[in-house]
Amino acid sequence: MKRLVALEWGEEEARLVVASLRKGTVVFEQAFAVPLAEDQASGTSASPAPLEARTIGQKIAHTAMQRGLGRCEVLVALGRSSIELRQLSLPPAPDEELPSLVRFQAVREFNALEEDWLLDFVPIDESADQPRRVLAAAIGPELLGQIQEVCGAAGWRPRRVVLRPCALASLVARLRPGSIYQARLLVHLLGQEADLTVMVDRKVVFLRTVRLPGDPLQDQEAASDLLLQIRRTMAAVANQLEGRRVASVVLCGVGPSYQALAQLADQQLGIPTELFHPFEGLELAEDLLRQLPDRPGLYAPLLGMLWDELEGVVPAIDFLHPRQPPQPPSPKRKLILLAALGVLAVLGFFGYQIYSKYSLASEVEQLRRQAQTLDQAIKQAERQQKIYTEIARWKETDVHWLEELRRLSERFPPASQAMVVQLLMGPGRGGGVIQLAGLAVSASDIDAVVERLRDPQHSVAVVNRAEDPSRPRYRWQFTIHLTTPHQ
């Protein structure tokens, strides 16, 4: 059973989801949070210092061990605030040339991109003969080192490092498929932050993360600021997508507070706002089904990551496996190939000489084996001919006995005239023979039996007929032979 863990963490907690592939179905087994903020017994208002990566990994490992998780491969989600993100405009080019073009353009437009940064992208435009636009994201080696240290301290190995909004968009596209012509705005609340992701069909075309003055689920001012940021995002999308506007808003979360925020968005934005329950429609293990996390919306990107990975769907952006240009042909390989061709030519010459020397002997041996094979085939054919002859002889006397019994039962007189006391059936010359012994009320009833059973295909002969006065009703005994045709 293939099991994976999806992980993301912030200043206050780490969130994890565990899933496995069972008989071709993705089953989500666990979803839980690990508190990371240190207890402040002193009561001071100062924020605690950020935890070191090793400490975060050890806290995660402790909780994971209590939940029965051993060594696993882990998928790590990164938020927009952890990366450098740009939308790049490129000249017309096929997909295989995009990695080189994106790297070249990113060096000019990113703030701090170096050679050792990890860079990946997702194309926005598909047509190779038109100017291309891509959404490019990059992370520095320091962040990658922190991720590896956290996972190493937890006893896990990072398998992918995925952009969180893209994973959320993949889950929404699976559970709530949208129109290929309409843009949707996904709102993912993370306390005092919110991911605003615009997608068309299954593709992310725009994303940003905004800071809020509070939690919009509890603070009216923060809710108003969130709606303002949504309006700005919609305006930016209309500008970048040549007038295409956001048609609906998807708020990731459930509950009364989310419902109130959705109603407020409906009123002030003028477009429909729907709630999205990320666990609804998934295959959940019994323990997880009984007790879902308090805020299920927070786990949506992790669910999308796991679902994609276990079904073999390549994520839109993966910093550990970025899109790469095709490898150019190696001169060394060309030289090796030429040398191999020379060696093959020499070996071919000597091989031909050896083949010519032994070809006649090989042909003689082959003919000898063919003769042996033909002899065996002839013997086998003779045996099969004998079997065929026996089968043909048997078929000459084969009779549809069930059909004959049906005919006999239909044509035999009623019991008030005659009855059968013995019936023998067997093969005969050119067909079959039925010997029928019976009793009749009168001699004329015997004649009636003969007339009913006789036709152009069936001959009837009475071999015995006698009167027995001692019988009260059936006074006559008879025996007849009925000849039946073969099939």
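A Förster radius of 56 Å, combined with the Cβ-Cβ distance separating residue 389 from residue 321, puts the computed FRET efficiency at roughly 0.20. Extending 7 Å from Cα along the Cβ direction at residue 400 and again at residue 130 yields two label points whose distance is 7.1 nm. Surface exposure of the chain, expressed per residue as accessible area with a 1.4 Å probe, stands at 56 Å². What percentage of the solvent-accessible surface of segment 394-487, computed with a 1.4 Å probe over protein heavy atoms, is contributed by carbon and sulfur atoms? The C+S portion of the solvent-accessible surface of segment 394-487 is 54 percent.
Spacing of the modelled spin labels on residue 23 and residue 455, each 7 Å from Cα toward Cβ, amounts to 5.6 nm.
Residues 277, 486, 188, ordered by accessible area of protein heavy atoms at a 1.4 angstrom probe radius and largest first, appear as 486, 277, 188. Working from Cα pairs under 8 Å separated by at least six residues, relative contact order for the chain is 13 percent.
The per residue volume of the convex hull around the alpha-carbon atoms of segment 378-487 is 100 Å³. Where the accessible area of segment 18-165 is counted over protein heavy atoms with a 1.4 Å probe, how much of it, in %, is carbon and sulfur? After summing per-atom areas, the C and S share lands at 48 percent. Both radii are taken from the alpha-carbon atoms of the chain; with Rh as the Kirkwood radius, Rg/Rh is 1.40.
Using only the alpha-carbon atoms, how far is helix 443-453 inclined from the longest principal axis of the chain? Give it as 0 to 90 degrees, nearest 10. Long axis of 443-453 versus the principal axis of the chain: about 40 degrees. A 1.4 Å probe, protein heavy atoms only, puts the accessible area of residue 109 near 70 Å². Counted residue by residue at 0.36 nm each, then reduced by the alpha carbon distance between them, the extension gain from residue 362 to residue 219 reaches 42.2 nm.
Each peptide in 437-446, 373-382 gets a packing score, the mean of other Cβ atoms within 10 Å over its residues, and the list from highest to lowest is 437-446, 373-382.
Take the Cα of residue 65, step 7 Å toward its Cβ, do the same at residue 176, and the gap between the two points is 4.1 nm. A full extension of the chain between residue 355 and residue 192 corresponds to an added length of 50.5 nm, given 0.36 nm per residue minus the alpha carbon distance. Of the peptides 75-84, 157-166, the ranking by mean beta-carbon count within 10 Å, highest at the top, reads 157-166, 75-84.
Taken over the Cα atoms of segment 1-132, the convex hull encloses 181 Å³ per residue.
If R0 is 60 Å, what FRET efficiency do you get for residue 381 and residue 421 from their C-beta distance, rounded to 0.05? Computed FRET efficiency for residue 381 and residue 421: 0.75. Only one residue of 177, 254, 144 has its Cα farthest out toward the positive end of the dipole of the chain, where Lys and Arg carry +1 and Asp and Glu -1 on Cβ, and that residue is 177. Counting only protein heavy atoms and a 1.4 Å probe, tell me what percentage of segment 262-382's accessible area is made up of carbon and sulfur. Ligands and nucleic acids excluded, carbon and sulfur reach 60 percent.
Classify segment 265-328 as rounded, prolate or oblate, taking a ≥ b ≥ c as the square roots of the eigenvalues of its Cα gyration tensor: rounded when a/c is under 1.5, otherwise prolate if a/b is larger than b/c and oblate if not. Verdict is oblate for segment 265-328. Take every DSSP beta bridge whose two residues both sit in segment 47-180; close to 70 percent of them are antiparallel. The slack between residue 104 and residue 341, meaning 0.36 nm per residue of separation minus the straight C-alpha distance, is 81.4 nm.
A Förster radius of 41 Å, combined with the Cβ-Cβ distance separating residue 294 from residue 111, puts the computed FRET efficiency at roughly 0.65. Is segment 159-279 rounded, prolate or oblate when judged by the Cα gyration tensor, a ≥ b ≥ c being the square roots of its eigenvalues, rounded requiring a/c under 1.5 and prolate requiring a/b larger than b/c? Rounded is the answer for segment 159-279, as its axis ratio a/c remains below 1.5.
The values are calculated or read from the model by the stated rules, or taken from the named source; none is laboratory data. Keep in mind that this is a model prediction, so the values were computed, not measured. Positions of Cβ are generated from backbone atoms using ideal geometry, with glycine treated the same way; all protein chains shown enter the neighbour counts. Heads up: the accessible areas ignore ligands, DNA and RNA and are worked out on the full protein's heavy atoms, side chains in. Shrake-Rupley method; radii C 1.70, N 1.55, O 1.52, S 1.80 Å.
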